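The values are calculated or read from the model by the stated rules, or taken from the named source; none is laboratory data. Remember, it's a predicted structure, so these values are computed and weren't measured experimentally. FYI the Cβ positions are ideal-geometry reconstructions off the backbone, even for glycines, and counts take in every protein chain you see. For the accessible areas, the whole protein counts, side chains as well, though only heavy atoms, and no ligand, DNA or RNA atoms are used. Shrake-Rupley method; radii C 1.70, N 1.55, O 1.52, S 1.80 Å.
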Amino acid sequence: MSESNWRDQELSYEQVLDKHNGDISKFTVLKIDVTRRGYVYSEEAAKVIDPNKHHVEPNDFLGSTKTTNSSPFPIGLVMRDGTTICSEPGLSTIVRQRDPYVIELIDNKLYITDQGRVYEEVEIWERPDFYDKVTSNGTPMWQIASARPQRITIAPGTKCHFWDKPGNGCKFCALFSGHRCDEGEFRDEKYFQDVTETVAEALKQKGRYASFHMTSGSTLSGREIFDDEVELYIKTLKAAGKAIHSDKFPTKLVASAFSKRQLERMRDETGMTGYVTDLEVLNKDLFGWICPGKTEFIGYDEWKKRLYDAVDVFGRGQVNCGIVAGVETAQPYGFADEDKALEIVLKEANEIAKHGVTFSECVWTTLPKSYFSKQKTPSLDYYVRLALGLAEARRRNGIQENIDDYRRCGNHPNTDLARIEKW
Amino acid sequence: MSVKINGTLRNILSDKSTIKLLATLTPEGEVHSAVKQSIFADEDGNIVYLEFFEKSQTNIDLVNSIWFDKTVSITAVTPERKSWYIKGKPVRTRVFGKEYEAFYRQAEENNPNNDLVAVYYIEPLEIYEQTYDVQQAKHKEKFPLYAHLDKYAD
């Protein structure tokens with residue numbers, strides 16, 4: 001249920017656009033707000049959804065928020081400038097404090113609306129062609145890979161072992177929550193063969209994929225912490241590489257904070273070219289509270305150092321730090337004052353960017369299965385100022401956004417802004 | 001107010017020997033222009049432009065135009081030196097999806113090295129022929145007293 005007077009307490013979409021007139025695209029601002037507030041389909045609009053045509057995820061791909069049955073709704077939208085909204089309506093309405101936007105059907109087109117005001121036309125992401133195919137082992141390919149409109153994603157590990165110790169998972173996170181209590185999935189040679197065949201099949205859809213993306217939960221085991229995770233990624237990426245036939249190709253690995261030795265292995269043994277590891281919140285004290293598992297096993301300062309080491313291995317612009325934008329305002333230990341939060345976070349962002357690291361900003365939403373499910377997220381104006389500040393940190397330090405932009409991911413407002421930056 | 005490309009101009013735009021120049025505004029407000037042979041008109045009378053470079057100035061400018069409601073202009077010049085001016089507003093880009101993929105495959109058939117990054121749809125707002133003789137006649141008719149005196153003496 002939303003708070004009845006929430007609109008009186010913060011600037012609206014129009015007011016935020018007026019305030020930042022000319023500084024930020026209206027599409028980026030709308031994307032942030034739709035993600036922040038969530039959205040629903042009207043009854044008429046929902047009739048347009050066709051699971052044979054639109055990208056309705058057949059399974060619980062990242063073990064995130066769904067339990068038994070998949071959501072019947074598509075997993076994303078695109079606006080007429082190509083900006084994507086990486087969010088599905090099934091997550092929107094129960095625990096958020098603000099009214100969701102409504103997707104309405106008007107003259108046979110879908111539009112984002114709010115209180116009867118019509119904002120922008122949207123279209124639903126299309127289903128990947130390979131979703132209907134089966135590997136030679138009989139595995140449905142949708143069980144092997146998922147997709148965004150322009151990237152193919154493989155998640156070889158379906159469990160995050162920070163959750164092994166109760167309360168040690170990141171407090172905002174619901175990914176892999178469906179697998180918190182099991183052993184994850186066993187990956188044998190049959191699996192890697194399935195990966196090769198699935199990627200090869202996906203690439204038959206010419207023009208669809210501009211990036212290969214891989215992610216999993218953290219695996220802490222091995223001679224050195226994360227060694228087993230590294231091994232799994234190497235095997236998976238090698239299997240995918242067999243279908244791509246290139247020594248190096250556009251890749252983005254979103255993973256734990258690997259040591260320099262582990263990163264050099266990834267670089268030398270696979271086609272990997274881009275690496276993202278997530279500090280989540282750009283403040284050491286809050287990192288300790290919000291990410292207790294990461295703090296126990298690696299720590300904030302060491303995580304940062306590993307980001308810098310990664311720049312040595314992969315180069316400037318090839319390493320991003322994922323952050324859950326806005327989680328620094330979580331209570332009771334986060335910043336209650338948005339101006340103070342911005343000052344602290346952007347100061348730290350600038351320091352990190354000096355080392356050649358840029359940022360992948362996810363809009364914090366209070367997912368139902370996360371520890372923070374009942375928190376209140378910041379205002380739209382906060383998110384916009386943060387996106388602008390993060391983009392400025394990148395520009396000021398001369399870093400190109402190479403691996404996590406609107407095309408290769410589509411989930412990050414600050415990297416969407418790089419579309420109009422000259423190289 | 002939008003206008004539509006007629007059949008004659010559509011044929012001119014689809015003729016490979018026609019030179020097409022796309023002028024845009026950069027995010028910094030400077031003018032940029034480039035020869036873009038991948039401009040054509042669709043059946044609905046709108047302009048379609050195929051972009052092949054992610055970080056070309058034109059691509060940057062067209063995104064900026066959609067974001068901030070800027071216009072662009074196209075100049076088409078035939079081998080006979082006839083020329084047309086089209087002012088337009090970029091209203092949509094497709095960077096993925098079945099419609100985009102059809103253009104992607106077609107571009108690859110034309111040249112295996114082509115790697116399409118975006119399809120732009122530009123709504124024409126104003127069209128006129130810019131050919132010298134035509135413009136001279138129009139100008140004379142509209143501004144009959146704007147000529148040097150020796151021209152009247154001829």
Output for the range A:379-423, where each listed residue is within 11 Å of chain B (Cβ to nearest Cβ) and assigned to a helix (DSSP H, G or I):
A:D416, A:L417, A:A418, A:R419, A:I420
Considering only residues that are of a type outside the set (A, V, I, L, M, F, W, C) and open to solvent by less than 40 Å² (accessible area, probe 1.4 Å), look in the range B:75-91 and name the one that is farthest from the other protein chains (Cβ to nearest Cβ).
B:T78
Quick check on the range A:63-78. Is at least one of its residues open to solvent by less than 10 Å² (accessible area, probe 1.4 Å), assigned to a strand (DSSP E or B) and either modelled with pLDDT of 95 or more or under 30 Å from A:P140 (Cα atoms) (or both)?
yes
Conditions first: (1) in contact (Cβ under 8 Å) with a residue 12 or more places away in the chain; (2) on the phi < 0 side of the Ramachandran plot; (3) buried (at least 16 other Cβ atoms within 10 Å of the Cβ). B:V35 passes all but one, so which condition is the exception?
(3)
Would you please name the residue that is farthest from A:F314 (Cα to Cα), looking only at residues in the range A:262-281 that are of a type in the set (A, V, I, L, M) and in contact with a strand residue (DSSP E or B) (Cβ under 6 Å, 6 or more places away or on another chain)?
A:L279
Would you check which residues across the range A:190-217 are assigned to a loop (DSSP other than H, G, I, E, B), closer than 19 Å to A:M272 by Cα and either small (G, A, S) or away from chain B (no Cβ under 14 Å) (or both) and list them?
A:A210, A:S216, A:G217
In the range B:96-154, the residues that are within 14 Å of another protein chain (Cβ to nearest Cβ) and of a type in the set (D, E):
B:E99, B:E101, B:E108, B:E109, B:D115, B:E123
Test result for A:G299, free of Cβ contacts under 8 Å to residues at least 40 places away in the same chain, under 26 Å from A:K340 (Cβ atoms) and in contact with a helix residue (DSSP H, G or I) (Cβ under 6 Å, 6 or more places away or on another chain):
no
Restricting the range B:51-63 to residues that are surrounded by 20 or more Cβ atoms within 10 Å (Cβ to Cβ) and not acidic (D, E), the residue that is farthest from A:E126 (Cα to Cα)
B:T58
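Can you pull out the strands (runs of 3 or more DSSP E) entirely within the range A:106-182 that have at least 2 residues that are within 14 Å of chain B (Cβ to nearest Cβ), open to solvent by less than 40 Å² (accessible area, probe 1.4 Å) and of a type outside the set (G, A, S)? Step through it out loud before you land on a result.
Working: elements: A:109-114, A:117-124, A:146-148, A:151-154.
It comes to A:117-124, A:151-154.
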Hits in the range B:48-68 - residues which are more than 10 Å from chain A (Cβ to nearest Cβ) and in contact with a Phe, Trp or Tyr (Cβ under 8 Å, 6 or more places away or on another chain)
B:V48, B:Y49, B:L50, B:E51
Whichever residue in the range A:402-417 is open to solvent by 10 Å² or more (accessible area, probe 1.4 Å) and closer than 22 Å to B:S65 by Cβ and, among such residues, is farthest from the chain's Cα centre (by Cα)
A:L417
If a residue must be closer than 25 Å to A:K294 by Cβ and either β-branched (V, I, T) or at pLDDT below 95 (or both), how many such residues does the range A:173-213 contain?
14
Taking the options A:A239, A:A257, name whichever one is buried (at least 18 other Cβ atoms within 10 Å of the Cβ), modelled with pLDDT of 95 or more and more than 23 Å from the chain's Cα centre (by Cα).
A:A239
Restricting attention to the range A:242-254, which residues are open to solvent by 20 Å² or more (accessible area, probe 1.4 Å) and either small (G, A, S) or in a helix (DSSP H, G or I) (or both)?
A:K242, A:I244, A:S246
Qualifying residue in the range B:38-47 (condition: within 11 Å of another protein chain (Cβ to nearest Cβ), of a type outside the set (S, T, Y) and closer than 23 Å to B:K16 by Cβ)
no
From A:L346, A:L282, which residue is farther than 30 Å from A:K248 by Cα and surrounded by fewer than 22 Cβ atoms within 10 Å (Cβ to Cβ)?
A:L346
Could you please give the count of residues in the range A:79-97 that are open to solvent by less than 40 Å² (accessible area, probe 1.4 Å) and at pLDDT 90 or above?
7
A:K354 vs. criteria open to solvent by 30 Å² or more (accessible area, probe 1.4 Å), free of Cβ contacts under 8 Å to residues at least 12 places away in the same chain and not acidic (D, E):
no
